[in-house]
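**Q** Could you have a look at this structure, given as structure tokens, before my questions?
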2 protein chains.
Amino acid sequence: MKPRAELLCVGTELLSGKVNTHAAWLCPKLRLAGLEPAREVTVGDSLEDLRDAVREAAGRASVVIVCGGLGPTFDDLTREAVAAAFGLGLSYSEPLFELICKRFARYKLAVPSANKRQAWVIDGAKVLPNPNGSAPGQLLEIHGKHVALLPGPYREMAPMFLEHVLPLLREKFGGGLQRASRVFRFYGISEAAADMKLTPMLKSEAGKADFTILAGSGQVELHAAVAGSSAAVKTGLTRVEGKIKKVLDKHLYGFDGDTLESVVGDRLRRKKWTLAAAESCTGGLLGARITAIAGSSDYFRGGVVAYSNEIKKSALGVPDEILKKHGAVSAECARAMAVGVRERFGADVGVSITGIAGPGGGSKEKPVGLVCIGFALPGKTFTTTNHFSGERALVRERSVNAALGALLTALR
Amino acid sequence: MKPRAELLCVGTELLSGKVNTHAAWLCPKLRLAGLEPAREVTVGDSLEDLRDAVREAAGRASVVIVCGGLGPTFDDLTREAVAAAFGLGLSYSEPLFELICKRFARYKLAVPSANKRQAWVIDGAKVLPNPNGSAPGQLLEIHGKHVALLPGPYREMAPMFLEHVLPLLREKFGGGLQRASRVFRFYGISEAAADMKLTPMLKSEAGKADFTILAGSGQVELHAAVAGSSAAVKTGLTRVEGKIKKVLDKHLYGFDGDTLESVVGDRLRRKKWTLAAAESCTGGLLGARITAIAGSSDYFRGGVVAYSNEIKKSALGVPDEILKKHGAVSAECARAMAVGVRERFGADVGVSITGIAGPGGGSKEKPVGLVCIGFALPGKTFTTTNHFSGERALVRERSVNAALGALLTALR
């Protein structure tokens, strides 16, 4: 039996409609550190509930991770609740408040007096610096239990956990057992189809590796994890990868943190090709995804958001006849947009998206979800016509994924 | 004090990387039924953990909703665990198994023998039919507590809850008590500063209304809820709104589902003005946000993603001297981009963003996070220069929020 870890999330917003993603992010990392993430508990901003939940969790588990409730406001009660759970006091730390002040000074902001609350430290706790926000974390070891207090926002919590908590947990609980995991990323296949193709592999690996299949808006990911000796872990992932490639090679586009846009970027860079985008219904979403990758200026020249027909003509050179004869949502228009942006932006590759994202604008011939995607590459052009289901946001996201997926195939 | 409800989610997958959305969906509905969703607990597929968690939850709460663990396989243990928690027995129901068989017959499938597990009913429980899957639900009333066992998959759980559980809870706990909530949305103010301004109001409303303050990338939201008679609820929200407007009127931009982009859209539509966007570091994100609103084609003409200096010159007409003298990230360039896109796209308003999103590309004079935003309106132009903290994605999101926020003010 591995030692238990429990996660405690704090905030009435998490019991009022906000999705809590902390467990999904933290639990696999706790497993990697040799712990069994056995329970996740969310409580609202109530001192008593939080104090009781901390006490209960510490009664069952060796490690308790508390996320949230470290802000400057009246309803941020984690410091007080954890102290109360263990009968400890809190002390105000002037040096810690000065650190908080420095952060405000860097952005030329006055320090609200409320932020003094963040300078109270539980007796015996180690302060964890927070380079991404004003809330310092705290790390407490008491009665052989490890309790970490981390900020609620993901962008503050995640780096603090990775830098200050995970290494400690690995050292204490990781032992000789190695654990390795890899995410395999697929495109152009449905979850059900991927599942069918993968089932024999999943059965043959039962007891040797763990798997989770996740899917969303045109992409599928398989999370695989193996545990054992250092050698067993290495051969285990290689064996799994080999089996996956046998059945899904043409759909496998990347691993771990790869995204469609990062892999497209790698291929463009390797070919020394540049890209330009012409978007209608996605309104800039494709450009935003491409430029989410740092360094994308190496290959992305820019694009045109042509939300009206006049702009399709004036900024992209789409011929009036195409718009009149085939309409703005047509393979013909998509092709002209891709060719137009490629030429006008002096790029090697032009890609375009034009469609009906809904909820309005659909007709019997051209229903909501109809999306035409165009590609202009050196020496060739092609288009795809797609019928996406789902509401506006999903149609737009699926359109971008389909454009990036087809581009990836074209750049192979 | 409203009666407590607790949510119990079951499944090792929820402690292995799968995001749990049950609380986000169920909690607001429990609130509407007159209950206080006070705690959410997730446990893995362990009989002991689950049994203990059910017992603890029933000890604190009047209503316990258990989601998951009703499937046919060996690790589906919710039926056994709930029975054990209350010292109840389980009986096999032949009529229930026949119902399950009928479902398989409809899809011309053989019934796996494992599905017999799903025909075991806790003594005294009412069976809840599941038109969307093989797992029947169960509803138990014991020692004055209501315990609902629902399937894990959302598409099975949600209809069963809405049809068979929510009406019962409303009847038992909703009483004559009405409940209303409103989200107040602010921009251009930090969470701590908003908190300081709101504190007197929060104190004066203690016991009459509940509040939660949330913040992210340049926006703050206050969730307010009041309960009581129909009249008290109505006057309560009006009273709260009045107090908020006294201290934060110029920062209040909307309510409930409003977004910066929807409110900007409303104002443009009212003025019968059109908009065009010129983006550099945000790569299309501003256009994507604006066009996330259905019907935005009424006022959004489109834009240019000018990711390279040549495109800033060729597609937006930014003078070479500005790029040479001030650089692409400068108030001068931002102004020229806004003026350029306004003219070339024939729009009433042009908005531009140019900055250094990082992690690379920064210098001592122009550090990562420096973002210049330009505006060209009928008869005036202006720019803002911002220093945003955070990693690439956050700098980009904050840039878009700052652009929309300043635009909102300019359109007042």
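The values are calculated or read from the model by the stated rules, or taken from the named source; none is laboratory data. Just so we're clear, the structure is a prediction, and the values are computed from it rather than from any experiment. Note that we place each Cβ from the backbone using ideal geometry, even for glycine, and neighbour counts take in every protein chain shown.
**Q** Out of everything in the stretch A:207-224 that is among the aliphatic types (A, V, I, L, M) and within 19 Å of the chain's Cα centre (by Cα), what residue ends up being modelled with the lowest pLDDT?
**A** Going through the qualifying residues, I end up with A:215.
**Q** Going through B:70, B:109, B:77, B:90 one at a time, which residue ends up being surrounded by fewer than 22 Cβ atoms within 10 Å (Cβ to Cβ), at negative phi, modelled with pLDDT under 95 and among the hydrophobic types (A, V, I, L, M, F, W, C)?
**A** Exactly one residue qualifies, and that residue is B:109.
**Q** What number of residues within the stretch B:49-84 are more than 28 Å from residue B:100 (Cα to Cα) and within 13 Å of chain A (Cβ to nearest Cβ)?
**A** Matching residues across the stretch B:49-84 total 9.
**Q** Here is a list: A:146, A:164. Which entry is in contact with a helix residue (DSSP H, G or I) (Cβ under 9 Å, 6 or more places away or on another chain), crowded, with 16+ Cβ neighbours inside 10 Å and modelled with pLDDT of 90 or more?
**A** Step by step, each of A:146, A:164 is checked, and only A:146 is in contact with a helix residue (DSSP H, G or I) (Cβ under 9 Å, 6 or more places away or on another chain), crowded, with 16+ Cβ neighbours inside 10 Å and modelled with pLDDT of 90 or more.
Conditions tested, residue by residue: (1) farther than 20 Å from residue B:2 by Cα; (2) in contact (Cβ under 8 Å) with a residue 24 or more places away in the chain.
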| residue | (1), (2) |
| --- | --- |
| B:168 | no, yes |
| B:178 | no, yes |
| B:186 | yes, yes |
| B:194 | yes, yes |
| B:202 | no, no |
| B:224 | no, yes |
| B:267 | yes, yes |
| B:277 | yes, yes |
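**Q** May I pose another question? Please go through the stretch A:349-376 and pick out each residue that is within 17 Å of residue B:305 (Cβ to Cβ) and not small (Gly, Ala, Ser).
**A** The answer is A:349, A:351, A:353, A:354.
**Q** I need a count of the residues in the stretch A:1-50 that are assigned to a helix (DSSP H, G or I) and either touching a strand residue (DSSP E or B) at 6+ places or on another chain (Cβ under 8 Å) or under 27 Å from residue B:226 (Cβ atoms) (or both).
**A** Summing the residues that are assigned to a helix (DSSP H, G or I) and either touching a strand residue (DSSP E or B) at 6+ places or on another chain (Cβ under 8 Å) or under 27 Å from residue B:226 (Cβ atoms) (or both) in the stretch A:1-50 gives 17.
**Q** For the stretch B:5-22, what are the residues that are closer than 13 Å to residue A:15 by Cβ, more than 9 Å from every other protein chain (Cβ to nearest Cβ) and of a type in the set (A, V, I, L, M, F, W, C)?
**A** B:5
**Q** May I ask you to list the residues in the stretch B:156-196 that are farther than 30 Å from residue B:388 by Cβ, charged (D, E, K, R) and within 14 Å of chain A (Cβ to nearest Cβ)?
**A** Passing the criteria: only B:179.
**Q** Please determine whether any residue of the stretch A:23-32 is surrounded by 24 or more Cβ atoms within 10 Å (Cβ to Cβ) and more than 7 Å from every other protein chain (Cβ to nearest Cβ).
**A** Yes.
**Q** Continuing with this model, one more query. Would you be able to say whether some residue in the stretch A:150-161 is over 19 Å from residue B:215 (Cβ atoms) and in contact (Cβ under 8 Å) with a residue 60 or more places away in the chain?
**A** Among the residues of the stretch A:150-161, at least one is over 19 Å from residue B:215 (Cβ atoms) and in contact (Cβ under 8 Å) with a residue 60 or more places away in the chain, which makes the answer yes.
**Q** Let me ask something else. Among the residues that make up the stretch B:34-46, is at least one of them over 19 Å from residue B:144 (Cα atoms), at pLDDT below 95 and facing chain A (nearest Cβ under 7 Å)?
**A** Checked against the condition, which is being over 19 Å from residue B:144 (Cα atoms), at pLDDT below 95 and facing chain A (nearest Cβ under 7 Å), the stretch B:34-46 yields at least one hit.
**Q** Let me ask something additional. Every residue in the stretch A:112-130 that is within 14 Å of another protein chain (Cβ to nearest Cβ) and either part of a helix (DSSP H, G or I) or at pLDDT 90 or above (or both), please.
**A** Within the stretch A:112-130, A:113, A:114, A:115, A:116, A:117, A:118, A:119, A:130 meet the criteria.
**Q** Testing residue B:185 on (1) within 30 Å of residue B:410 (Cβ to Cβ); (2) surrounded by fewer than 19 Cβ atoms within 10 Å (Cβ to Cβ), one condition comes back false. Which one is that?
**A** (2)
**Q** In addition: Can we say residue B:368 is aliphatic (A, V, I, L, M) and free of Cβ contacts under 8 Å to residues at least 60 places away in the same chain?
**A** So residue B:368 fits the description; yes.
**Q** Would you please name the residue that is farthest from the other protein chains (Cβ to nearest Cβ), looking only at residues in the stretch B:291-307 that are surrounded by 21 or more Cβ atoms within 10 Å (Cβ to Cβ) and either of a type in the set (S, T, N, Q) or touching a residue at least 60 places away in the same chain (Cβ under 8 Å) (or both)?
**A** B:296
**Q** Of everything in the stretch B:309-328 that's crowded, with 21+ Cβ neighbours inside 10 Å and more than 29 Å from residue B:270 (Cα to Cα), which residue is nearest to the other protein chains (Cβ to nearest Cβ)?
**A** Only one residue fits best here, namely B:311.
**Q** Among the residues of the stretch B:364-406, write down those that are surrounded by 22 or more Cβ atoms within 10 Å (Cβ to Cβ) and either of a type in the set (Ser, Thr, Tyr) or not assigned by TED's automatic domain parsing to the domain that holds residue B:265 (or both).
**A** The answer is B:399, and nothing else.
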